[in-house]
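Chemist: Pasting a structure here, questions to come.
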Amino acid sequence: MAASGRGLRRALRASPLPAWRQAHLGARGNLKPEYDAVVIGAGNRGLGQRAAYLQRLGVNTVVFERRHVIGGAAVTEEIIPGFKFSRASYLLSLLRPQIYTDLELKKHGLKLHLRNPHSFTPMWEEGTEGKVPRSLLLGTDMAENQKQIAQFSQKDAQAFPRYEEFMNRLVSAIDPLLDVAPVDVAAFQHGSLLKRLKSLFTLKPLLQAGLTLGAQLPQYYQVLTAPITKVLDQWFESEPLKATLATDAVIGAMTSPRTPGSGYVLLHHVMGSLEGMPGAWGYVQGGMGAISDAIANSATAHGANIFTEKTVAKVQVSSGGCVQGVVLQDGTEVRSKVVLSNASPQITFLKLTPQEWLPEEFVGRISQLDTQSPVTKINDPSVAVDKLPNFLAAPNAPGDQPLPHHQCSIHLNCEDTCLLHQAFEDAMDGLHSHRPIIEFCIPSSLDPTLAPPGCHVVSLFTQYTPYTLAGGKGWDEQEKNAYADKVFDCIEAYAPGFKGSVVGRDILTPPDLERIFGLPGGNIFHCAMSLDQLYFARPLPLHSSYWSPVPGLYLCGSGAHPGGGVMGAAGRNAAHVVFGDLKSM
C-alpha cells in the first residue's frame, strides 16, 4: 500500500528540521563561487572526513548532495507517512570511536539503543513431544551463550569462549590499520627520497599487527584467506552455530561461505564497538539518518556548507592537469583547491573526471572492479503490536510486548551452511534464491519514535538476488513482488500470521540500490571486500586509498581503505591526508 505523494510531503513537512538544515536555511543557502574544498556526496564518510574535520581546521568546505536527503545509504525516510525507515543501512557498530569523540556526535543529537542479545536463529523444524522448535540466541553473556549452544553440541559450548578470544585477538591486531592510510607502495617505488622516508612510517601499524598476532600468525592468515566454512569446521560441529556465525562472512557480499577469503568479511563485521563495548551493535534513535544529521550538525557548527539537490556533473581540471573545482548539473562552476569524492570509484573516475587526464590502464582497471551484490532490501510497516512476529521457536508473551529476540538480528534460513551455499548457487544461475538468507530486524522494538503508537517497522536485509536475472531479464515489478512474496512465505513458515500484519513494502533490488543510492551494482561496499580489493589494493594496487592520478582529486568513500559500512574511517583518514597536502601547497 503505497503512500500518496501529497501524504508523504505533508509528513515530511511536519518533521522537525535538523540543525544542519536550519543553519543552511538561515544562511539562505548562499553558494559561493570558490571554496578551499569541495566534497561530492553527503554520505557519512564525505560529511565526516571533510566538512566536519577540515572545516574545524580552517579549511572552507562545501558539500554537494544530489538527493533531497543527506547520508548516502545511512538515511531515514518516511516511505509511508508516520513510519520512519532506515531505508538502506539499518544497524550501527562500525563507526570509529574517534569520530564519536572528535565530532561530539552525542552533543549534536546522536542517541543509540544497544541490543542485547544480538542474534536470534530459530530452527525450521517440527517440535517434538509437545516442545517448541529449537532456536539459538546469542548475546554478551558468555554463560548464557554456552547454555544456548549446548542445545546443539556440548563440545561447541566449551569451544565457543576460546573461539571468541581467538577472533578478538585478530580484531585487536587489525583494528589500528583502519585508522591510517595504507602503506604507500607507489611512493616506495617511484617517490622522491623524502617521500620514501615518510612512507617508512606507514609500515609501523602493519608491523605492530604482526607482533600482536605473534606465533599464531599462520592460523590468522588462514582466517583471512580460507573459506569461512573451513575455519568454522575447525572450531565447531553444530550447523546452527556455524551458519549463524557464517552470515557475517557473506552479508552484503556475492560470496558463498565456501568462497576463499570470506573470513575477512566476517572480521569486517565484528570489528565494531558501541559505548566502549567491543562487538556491540545497536539502533540509532530516529533511524540511520540521525547519525548523518549529527555529523552534518557538527560540520555546520564549524561553518561548513551542505547543499542537497545539487548534482555534481563534472570535476574541473586545469590545463596543467590539476583539480580546480567542479561544475554542477545546472551549469554553476565552483572553484576549489581540492575535490574529494564520496561517490564510488566508478562514478568518480568514469563519469565525473575528464578521461583525458586519467591513464588508460587506470580507467580500464577501474571499469573492471568487482561490484557484484546479492542484496535486496525490503522495508515493511507492521500493523499493530499484537501483530509482532510470533515465532514458533519463541512464542510471544501475554500482552505481546517485544521480547529480547525481537530486539536483535533474526536470522532466517540460516540453520545450516549448506542453505547459505545453495542460496548463493541459485543467484549464480541467475535466479533469486529459493530459500533466501533473511536478516530480520524490528528497530521499533527499542526505538518507539520510528512508528505510530501500537505499530512497528520491519527491516529485511535479504540475499541472494542477482543484478540481472537469467536470460538477461531485468527486475520488473512482477519479479520484484514475486521475490518479496517468497521472502514473506519463508517468514510465515517461522512466524505464522506475519503476512497478515503488513500494510506496505518497499522493495530495493540491486539495480534499485544502484539507482537511488549510487551503489555500483547495488554493492553496499562500492566494490567487493575481497582480498584483491583491500588495504593497499583498494581500489587498485599502486592507486590505493585516497590519492588519484589527478593532483587535488581524492577518493573518500567506501571504495577507499578500509572499505564499506557506516564506519567513517575512509573519510577521517582522507581528511588527514588532504590537510597535510594543503599545508604543503
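Chemist: Can you tell me how many residues within the range 495-529 are under 23 Å from His432 (Cα atoms), surrounded by fewer than 20 Cβ atoms within 10 Å (Cβ to Cβ) and modelled with pLDDT under 85?
Modeler: Total meeting the criteria: 2.
Chemist: Applying the selection to the range 52-82, what residues are farther than 24 Å from Ile516 by Cβ, part of a loop (DSSP other than H, G, I, E, B) and among the hydrophobic types (A, V, I, L, M, F, W, C)? Can you show your working first?
Modeler: Looking only at the range 52-82, we keep the residues that are farther than 24 Å from Ile516 by Cβ, and these are 52-61.
When the remaining residues are screened for being part of a loop (DSSP other than H, G, I, E, B), the result is 52-53, 58-60.
Within the range 52-82, Ala52, Val59 meet the criteria.
Here's the yes/no breakdown for (1) among the basic types (Lys, Arg); (2) touching a Pro at 6+ places or on another chain (Cβ under 7 Å); (3) within 27 Å of Leu460 (Cβ to Cβ):
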residue	(1), (2), (3)
Val327	no, no, no
Lys337	yes, no, no
Val363	no, no, no
Ile366	no, yes, no
Ala394	no, yes, yes
Pro402	no, no, yes
Arg435	yes, no, yes
Glu439	no, no, yes
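Chemist: If Lys473 meets every condition in (1) open to solvent by less than 20 Å² (accessible area, probe 1.4 Å); (2) not assigned by the TED database to the domain that holds His68 apart from one, which number is that one?
Modeler: (1)
Chemist: I've got another one for you. Take Tyr554 and tell me if it is touching a Ser or Thr at 6+ places or on another chain (Cβ under 8 Å) and buried (at least 24 other Cβ atoms within 10 Å of the Cβ). Give the steps one after another, and end with the answer.
Modeler: Working: touching a Ser or Thr at 6+ places or on another chain (Cβ under 8 Å): yes; buried (at least 24 other Cβ atoms within 10 Å of the Cβ): yes.
Yes, satisfied.
Chemist: Does the range 436-457 include one or more residues that are within 19 Å of Ala249 (Cβ to Cβ), open to solvent by 40 Å² or more (accessible area, probe 1.4 Å) and not in a loop (DSSP other than H, G, I, E, B)?
Modeler: Among the residues of the range 436-457, not one is within 19 Å of Ala249 (Cβ to Cβ), open to solvent by 40 Å² or more (accessible area, probe 1.4 Å) and not in a loop (DSSP other than H, G, I, E, B), which makes the answer no.
Chemist: Could you tell me which residue of the range 248-293 is nearest to Phe525 (Cα to Cα), considering only residues that are open to solvent by less than 10 Å² (accessible area, probe 1.4 Å) and out of contact with any helix residue (DSSP H, G or I) (no Cβ under 7 Å at 6 or more places or on another chain)?
Modeler: Gly252
Chemist: How about the range 458-510: which of its residues are β-branched (Val, Ile, Thr) and in a loop (DSSP other than H, G, I, E, B)?
Modeler: Of the range 458-510, the ones β-branched (Val, Ile, Thr) are 458, 462, 465, 468, 487, 491, 502-503, 507, 509.
Passing the criteria: Thr465, Thr468, Val503, Thr509.
Chemist: Further question: Just checking, how many residues over the range 112-150 are crowded, with 16+ Cβ neighbours inside 10 Å and among the polar types (S, T, N, Q)?
Modeler: 6
Chemist: Here is a follow-up. Scan the range 83-113 for residues that are in a loop (DSSP other than H, G, I, E, B) and over 29 Å from Pro510 (Cβ atoms) and jot them down. Can you show your working first?
Modeler: So the first thing to find is which residues in the range 83-113 are in a loop (DSSP other than H, G, I, E, B), and the list is 87-91, 93-96, 103-111.
Within the range 83-113, Leu103, Glu104, Leu105, Lys106, Lys107, His108, Gly109, Leu110, Lys111 meet the criteria.
Chemist: Give me the strands (runs of 3 or more DSSP E) completely within the range 318-421, filtered to those with at least 3 residues that are open to solvent by less than 20 Å² (accessible area, probe 1.4 Å) and in the same structural domain as Ser93 (by the TED database), ordered by residue number.
Modeler: Details: elements: 323-328, 333-341, 375-382, 409-412.
Counting at least 3 such residues, we get 323-328, 333-341.
Chemist: So Glu492 clears everything in (1) closer than 21 Å to Leu91 by Cβ; (2) free of Cβ contacts under 8 Å to residues at least 24 places away in the same chain except one condition, right? Which one?
Modeler: (1)
Chemist: Going by the structure shown, is Ala574 over 21 Å from Glu479 (Cβ atoms), modelled with pLDDT of 90 or more, open to solvent by less than 10 Å² (accessible area, probe 1.4 Å) and of a type outside the set (Ser, Thr, Tyr)?
Modeler: Values: over 21 Å from Glu479 (Cβ atoms): yes; modelled with pLDDT of 90 or more: no; open to solvent by less than 10 Å² (accessible area, probe 1.4 Å): yes; of a type outside the set (Ser, Thr, Tyr): yes.
It is false that Ala574 is over 21 Å from Glu479 (Cβ atoms), modelled with pLDDT of 90 or more, open to solvent by less than 10 Å² (accessible area, probe 1.4 Å) and of a type outside the set (Ser, Thr, Tyr).
Chemist: Right, another one. Mind checking which residues of the range 530-551 are open to solvent by less than 30 Å² (accessible area, probe 1.4 Å), at pLDDT 80 or above and farther than 24 Å from Trp281 by Cα?
Modeler: Gln533, Ala537, Arg538, Pro539, Leu540, Tyr546, Ser548, Val550, listed by residue number.
Here's the yes/no breakdown for (1) assigned by the TED database to the domain that holds Pro436; (2) in contact with a helix residue (DSSP H, G or I) (Cβ under 8 Å, 6 or more places away or on another chain); (3) outside any loop (DSSP other than H, G, I, E, B):
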| site | (1), (2), (3) |
| --- | --- |
| Phe120 | no, yes, yes |
| Val132 | no, no, no |
| Leu136 | no, yes, yes |
| Ala143 | no, no, yes |
| Gln146 | no, yes, yes |
| Phe160 | no, yes, yes |
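Chemist: Please go through the range 520-535 and give me each residue that is aliphatic (A, V, I, L, M) and out of contact with any strand residue (DSSP E or B) (no Cβ under 9 Å at 6 or more places or on another chain), ordered by number.
Modeler: Taking the range 520-535 and keeping what is aliphatic (A, V, I, L, M), we get 524, 528-529, 531, 534.
If the condition is that a residue be aliphatic (A, V, I, L, M) and out of contact with any strand residue (DSSP E or B) (no Cβ under 9 Å at 6 or more places or on another chain), then Ala528, Met529, Leu531, Leu534 are the ones that fit.
Chemist: Do we find a residue being at pLDDT below 80 and either under 31 Å from the mean Cα position of the chain (by Cα) or over 20 Å from Leu217 (Cα atoms) (or both) anywhere in the range 173-183? Spell out how you get there, then give the answer.
Modeler: First, pick out the residues of the range 173-183 that are at pLDDT below 80: 183.
Applying the additional criterion that residues be either under 31 Å from the mean Cα position of the chain (by Cα) or over 20 Å from Leu217 (Cα atoms) (or both) yields 183.
So far as the range 173-183 goes, yes, one or more of its residues are at pLDDT below 80 and either under 31 Å from the mean Cα position of the chain (by Cα) or over 20 Å from Leu217 (Cα atoms) (or both).
The values are calculated or read from the model by the stated rules, or taken from the named source; none is laboratory data. All of these numbers come straight from a predicted model, not from anything done at the bench. No Cβ is skipped: glycine too gets one built from the backbone with ideal geometry, and neighbour counts run over all protein chains shown. Only protein heavy atoms, including side chains, enter the accessible area calculation; ligands, DNA and RNA are left aside. Shrake-Rupley method; radii C 1.70, N 1.55, O 1.52, S 1.80 Å.
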